[in-house]
1. State which entries of Lys146/Lys210; Lys49/Lys147; Lys188/Lys210; Lys49/Lys89; Lys81/Lys146 exceed 26 angstrom in Cα-Cα distance in the structure shown.
2. Check which residues have an amide H placed less than 5 Å from Ile107's amide H, if you skip close sequence neighbours.
3. Compute the length gained on full extension between Asn138 and Thr176: take 0.36 nm times their separation in residues and subtract their Cα-Cα distance, giving the result in nm to one decimal.
4. With a sphere of radius 14 Å drawn around the Cβ of Gly113, what net charge do the other residues whose Cβ falls strictly inside it have (Lys, Arg +1; Asp, Glu -1)?
5. Can you give the FRET efficiency to the nearest 0.05 for Ala206 and Arg39, using r as the Cβ-Cβ distance and R₀ = 30 Å?
6. Within the accessible area of region 84-132, what % is carbon and sulfur when the probe is 1.4 Å and the other protein chains stay in place?
7. Would you kindly state how much longer the chain becomes between Leu47 and Thr152 on full extension, computed as 0.36 nm times their sequence separation minus their alpha carbon distance, in nm to one decimal?
Amino acid sequence: MQTVSAHPSGRPPASGYVLSNADTSRLDRWLGEQENGPRFISLTPDLLKRMKAEEILKITMSNLAILGSEEARQIVSLLPKAHKLRVPKAMKPRALPTMPYLGACKIGEVIRGQDGDRFHVTQMFMSNFVSEISPAPNGDIFRNVKKEIGNTTKMFYALDLICDNTGRALGFDRSTGKNGLSFQTQNKADAVWEIAAAATGQTVEALRAKLP
């Protein structure tokens, strides 16, 4: 069984990869700034064989930021007007430490409540891989990660967290009875319903019942 640390605060973990100035310059030119935003580069088995891990990591970070921004935009457009979903101003994806071509990106969060200087927060993510999710006390959440190259969104999930007043995650909020996992799905429509429920404080069933 493989376990991967998620660092649920949304901050990228130290990767251990160091880009030289030459690598950075070459990749920046390759990724480029297009008229409609950064360039998406599809990774292939051949590219993974020929590229350095740090180069793969930089492409993955760029690709995930593009995917995350688009998923957040589409989901927000489908939410009820009086929603409380907060979308990051800048996407901060992170890759899996041992598989730099796979990673996840936080696409939103909802503050569910406050207890003194502690906040109960649900953070929503998209990933370009599929795995089991089981939050552990040490912060590990991913198990049995499928290692297929991911150039599209493969999974949506949300974590219930306890954060301080700076937004730093202090641990998983297990008071919801879900052991820190709010939801997990490979179905985007289901993810939208779950996010809408969290963002409005209603249940999925109640929201569905309002449909004509």
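The values are calculated or read from the model by the stated rules, or taken from the named source; none is laboratory data. Computed from a predicted model, the values in this text were never measured in an experiment. Reconstructed Cβ throughout: ideal geometry from the backbone, glycine too, with neighbour counts over all protein chains shown. Side chains included, ligands, DNA and RNA excluded: accessible areas come from the protein's heavy atoms. Shrake-Rupley method; radii C 1.70, N 1.55, O 1.52, S 1.80 Å.
1. Check vs 26 Å cut-off fails for Lys146/Lys210; Lys49/Lys89; Lys81/Lys146.
2. The list, which skips near neighbours in sequence, is Met124, Phe125, Met126.
3. This chain segment gains 11.8 nm when fully extended.
4. -2
5. Approximately 0.10, to the nearest 0.05.
6. On region 84-132, the fraction of accessible area on carbon and sulfur atoms equals 50 percent.
7. Value of the extension gain: 36.1 nm.
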